[in-house]
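The values are calculated or read from the model by the stated rules, or taken from the named source; none is laboratory data. Quick caveat, the model's predicted, so the values are computed rather than measured. All Cβ positions, even for glycine, are placed from backbone atoms using ideal geometry, and neighbour counts span all protein chains on display.
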Amino acid sequence: MSICLFWLFAYLAWGFKQIFVFSTGTVGLFLLLRRDWKMLGVLIVLSVLAWGATLAFGTSQYVKNIATFGGVTVSLSWPQLFRNLGNAGIKFLPLLLGLAGVAAAMVRSNRLRDFVGNAVSSITTKTPDTHFGLALLGSIVTSVLVIPASAKLGAAENYYFLFSFFLSLLFLFALAKVAETGAWPTTVSLPLSIGWLLHGLAICLVLGGVTGVLSTRPQHVSMSSVSKCLIEKNLPDPVFIASPYLSLPWMVPAEQHFVVQTNYRWDKPGGVEMEGGGIGGLIDQGYFATIVIPGDTFDGSDLRRYRLRDDKCGTFNIFERMGQ
């Protein structure tokens, strides 16, 4: 029953986003190391059947999105990886320094070998510390998946959310073991306290406006003003708005909405085939009746089929197709 209930929620998580196989991988590896072939078989069969049924009933576009990431370019970048690791590390300073304190406490009490052995035995044998083994496996499985994935262009530190969850469980369970050695008062408290102080300092830097984004309200007020202006002009369709904010369906009414995805800026130069030659190609063909952009060109098009209107909304110029 526990395996079936776990599978159900793990499948729902996968259905939400296919990279969410962290828990499935953790429990599957846990059962494999314990040689619990029956429960492992149940988990594998149920998962494969559910995934297969979803793909079988899904549309061709849905299957394409899963199998080939929708055809977009998946590019990994070292700077992107270091940026996301750094941002995540600042958010998880108490956790990371707390774990360092745990390791130091074990070394100081000469129980590091026992600690590691206990962790391994909690995975391979039935002991009261089963939860400790699951947290350890979850941290390993999640890190193997999310660290390379966070190097993808367009990724952010939110990729590390589930990794921090398993790591937090591991820290809490390890903390209970450290308490048994009597080393908790100083060896763990000091780095943990430093972690919280540095974490608080990082928050104060954001609240003080030194770094980060304190509020998106100014952007919202500005974009709402532009949105109201565009709505009042009753622009003819189809309309293209070169703004990820204003192009959202609920911002400006239109028969068709063109929302440029994050990967577009890399896919187009990378040679990914686009219908109609992409946004720039559609502009060159005169597909759009109206174009709203902050400058006088977009996606390589010179807008030769369009003329600039005298009115504008905020910093956005309005172009209309000639001859309409």
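General observations
- Qualifying position, being in the same structural domain as Lys91 (by TED's automatic domain parsing), among the hydroxyl-bearing types (Ser, Thr, Tyr) and within 30 Å of Phe20 (Cα to Cα), among Ser193, Ser164: Ser164
- Positions within the range 4-52 being β-branched (Val, Ile, Thr) and surrounded by fewer than 18 Cβ atoms within 10 Å (Cβ to Cβ), in sequence order: Ile19, Val42, Ile44, Val45, Val48
Okay, residues lined up against (1) in the same structural domain as Asn317 (by TED's automatic domain parsing); (2) in contact with a strand residue (DSSP E or B) (Cβ under 7 Å, 6 or more places away or on another chain); (3) closer than 28 Å to Gly86 by Cβ:
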{"position": "Leu205", "(1), (2), (3)": "no, no, yes"}
{"position": "Val226", "(1), (2), (3)": "yes, yes, no"}
{"position": "Pro244", "(1), (2), (3)": "yes, no, yes"}
{"position": "Asp284", "(1), (2), (3)": "yes, yes, no"}
{"position": "Ala289", "(1), (2), (3)": "yes, yes, no"}
{"position": "Thr297", "(1), (2), (3)": "yes, no, no"}
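- Residues in the range 248-269 that are within 22 Å of the chain's Cα centre (by Cα) and of a type outside the set (Asp, Glu): Leu248, Val259, Val260, Gln261, Thr262, Asn263, Tyr264, Arg265, Trp266.
Residue-wise test of (1) loosely packed, with under 13 Cβ neighbours inside 10 Å; (2) free of Cβ contacts under 8 Å to residues at least 40 places away in the same chain; (3) within 23 Å of Trp14 (Cβ to Cβ).
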| site | (1), (2), (3) |
| --- | --- |
| Thr54 | no, yes, yes |
| Asn87 | no, no, no |
| Leu93 | no, no, no |
| Leu97 | no, no, no |
| Ala105 | no, no, no |
| Leu134 | no, no, yes |
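- Selection within the range 279-314 - part of a loop (DSSP other than H, G, I, E, B) and touching a residue at least 24 places away in the same chain (Cβ under 8 Å): Gly286, Tyr287, Phe288, Ala289, Pro294, Asp299, Gly314
Residue-by-condition table, conditions (1) among the hydrophobic types (A, V, I, L, M, F, W, C); (2) farther than 17 Å from Met322 by Cα; (3) in contact with a Leu (Cβ under 7 Å, 6 or more places away or on another chain):
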residue	(1), (2), (3)
Met223	yes, yes, yes
Glu232	no, yes, no
Pro236	no, no, no
Val252	yes, yes, yes
Glu255	no, yes, no
Phe258	yes, yes, no
Tyr264	no, yes, no
Met274	yes, yes, no
Ala289	yes, no, no
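- Among the residues making up the range 157-194, those that are more than 15 Å from Leu95 (Cβ to Cβ) and in contact with a Ser or Thr (Cβ under 8 Å, 6 or more places away or on another chain) are Tyr159, Thr181, Gly182, Ala183.
- Selection from the range 158-170 of residues that are of a type in the set (S, T, N, Q) and either without any contact (Cβ under 8 Å) to a residue 60 or more places away in the chain or surrounded by fewer than 16 Cβ atoms within 10 Å (Cβ to Cβ) (or both): Asn158
- Enumeration of residues in the range 297-321 that are over 21 Å from Ile231 (Cα atoms) and surrounded by fewer than 16 Cβ atoms within 10 Å (Cβ to Cβ): Thr297, Gly300, Asp302, Arg304
- Residue within the range 227-239 that is at pLDDT below 90, out of contact with any Phe, Trp or Tyr (no Cβ under 9 Å at 6 or more places or on another chain) and not in a loop (DSSP other than H, G, I, E, B) present: no
- The number of residues in the range 171-226 that are assigned to a helix (DSSP H, G or I) and touching a residue at least 40 places away in the same chain (Cβ under 8 Å) comes to 23.
- Criterion (over 27 Å from His131 (Cα atoms), surrounded by 13 or more Cβ atoms within 10 Å (Cβ to Cβ) and among the hydroxyl-bearing types (Ser, Thr, Tyr)) met by exactly one of Ser77, Ser60: Ser77
- Qualifying residue in the range 110-117 (condition: in contact (Cβ under 8 Å) with a residue 60 or more places away in the chain and either within 28 Å of Val272 (Cβ to Cβ) or among the charged types (D, E, K, R) (or both)): yes
- In this structure, Gly278 does not satisfy being of a type in the set (Gly, Ala, Ser), more than 16 Å from Met223 (Cα to Cα) and surrounded by fewer than 16 Cβ atoms within 10 Å (Cβ to Cβ).
- Ala155 fulfils the conditions (1) over 23 Å from the mean Cα position of the chain (by Cα); (2) buried (at least 16 other Cβ atoms within 10 Å of the Cβ) except for a single criterion, (1).
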